Amino acid sequence: MKQTNRTVEYLLEASEFNWEVKPGKTISAWGFNQQVPGPVLKAKQGDTLVVKLVNNLPEATMIHWHGIRLQATMDGTGEVQKPIEPGETFEYRFELPDAGTFWYHSHQNETVQMERGMYGGIVVEAENDPVLDNDRILLIDDMKLDENNDFKTDKALGRWMERHDGRQGSTCLINGKEAQTLHMHAGQMERWRIVNAASARYFKLSLDGKPFKVIATDGGLLEAPRTETELLITPGERYDIVVGPFKEWEVFHFETLAYNRMTFGKSKRQNYATVHVIESIPSIASLPERLTEIPDLAPRNAAVNRKVKMSVNPSLKHGLDFKVNGEMHCNDEPVFVGDLQVWEISNTSMMDHPFHLHGFFFQILEENGEAPQYKAWKDTYNLKPKSNIKIAWMPDNRPGRWMYHCHILEHHAAGMMANFEVIDRNAPVLPRQNHFHCHA
Ligand SMILES: [Cu+2]
């Protein structure tokens, strides 16, 4: 990591405000600096990011910095900090060791706070980033509103379905706006950093079948660009794509295709934005065939040292319980700094779940016994129904309380999560005592 010694400071004020998602359609949003999404936080690899959060909401909040390898105390979860009460201020401060597309979002009462707009993008630039003509961040979201454009509250059956499916609505947003038009110049190649900030929606990107190049994901650049015409982006995931060059006056859609994740509500093709290609201007873009090198963390046949089971089980009390290792809100065993982790994560349920690990990137060694198609650093990865993945990750020297969970917010809230501790064997202080009582 290059040391820049720069400090980049932002002030974020969380509050309730009116937000126009399209002309004549205004919602009562919760967000940062009176905008949905919150401001894009921009920095360079190696910078220190300082964010002062002022909470002017009617309830407590805190911010999680999704994908950033920071100190445990700055992770913004109830494991490591007290909720920031109304009227209080908290200063987050951490270094940015990795370049890429990250995001920040509330990690308190998330099914309400994130649904109402409490999220924003983070762009960390690197020296070796490919040169493109333009760089945009596109945050995908959807909101479930009633006929008065209030956030819809379901009755019994609807609530039960929302618990099962996750909350999905028909107000489809890119950067907080519905049905907007994006303009781009012909002859240009642009980097689009796409973040799925939705509660539960699986976004299967299509640009009317036009090919695009995938160049990066959660933990930064891929080794080489990959040409695709469709790309599944599950909640919490990021993908950076390069689009263009297009011809003058082309028009195409930025839309999601149907993806069946075995929910009650059936997914359908939906348009999020329309892209209008305007007059041609010269390009300075150059996309190399080789973007970076990703060293292998472990061989494919590395011995598994932990099993994690994600399951959905019938429950008398809730209808369904969402569990990790047979428990709701599991407390998993600790790991030690420097001990390579090889985890087998299985999804025994009949529906998809995006697995998210806080604070560390992992590599997929196998999915259902097969090697992955390409190497990547991930912090969120979709588990299809009745499937398993084998991942490797390294707990570097950032001891403390961490967690992993399903990134469908309603599943996380319903129990599909676990806490665990990263322990430094050489630390002078003994870790706090816990009951570790869940095993796959
Ligand atoms: Cu889930």
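The values are calculated or read from the model by the stated rules, or taken from the named source; none is laboratory data. Just so it is clear, the model here is predicted, and its values are computed rather than measured. Please note: Cβ atoms are built from the backbone with ideal geometry, for glycine as well, and neighbour counts cover all protein chains shown. SASA here: full protein model, heavy atoms, side chains in, ligands and nucleic acids out. Shrake-Rupley method; radii C 1.70, N 1.55, O 1.52, S 1.80 Å.
Here are some notes:
- Selection from the range 375-389 of residues that are under 13 Å from ARG300 (Cα atoms) and either more than 20 Å from the chain's Cα centre (by Cα) or within 16 Å of the ligand (Cβ to nearest atom) (or both): ILE389
- Of note, GLU162 satisfies the criterion of being acidic (Asp, Glu), closer than 25 Å to ARG261 by Cα and over 16 Å from the mean Cα position of the chain (by Cα).
- Where a residue in the range 393-420 is at positive phi and its partner, wherever it lies, is in a loop (DSSP other than H, G, I, E, B) and hydrophobic (A, V, I, L, M, F, W, C), with Cβ under 6 Å and at least six apart: GLY415/MET328
- Within the range 398-429, considering residues that are more than 16 Å from the ligand (Cβ to nearest atom) and β-branched (Val, Ile, Thr), the one surrounded by the fewest Cβ atoms within 10 Å (Cβ to Cβ): VAL429
- Candidates in the range 317-357 are the residues that are away from the ligand (no atom under 16 Å from the Cβ) and in a loop (DSSP other than H, G, I, E, B); of these, the one that is least open to solvent (accessible area, probe 1.4 Å) is ASP332.
- One residue stands out in the range 294-313 among those that are more than 17 Å from MET394 (Cβ to Cβ) and either basic (Lys, Arg) or away from the ligand (no atom under 16 Å from the Cβ) (or both): the one that is surrounded by the fewest Cβ atoms within 10 Å (Cβ to Cβ), namely ASN301.
- PRO211 fulfils the conditions (1) surrounded by fewer than 24 Cβ atoms within 10 Å (Cβ to Cβ); (2) in contact (Cβ under 8 Å) with a residue 24 or more places away in the chain except for a single criterion, (2).
- Scanning the range 38-73 for residues that are open to solvent by 10 Å² or more (accessible area, probe 1.4 Å), within 25 Å of THR171 (Cβ to Cβ) and not in a strand (DSSP E or B) yields ASN56, PRO58, GLU59.
- THR217 being open to solvent by 30 Å² or more (accessible area, probe 1.4 Å) and away from the ligand (no atom under 16 Å from the Cβ): no
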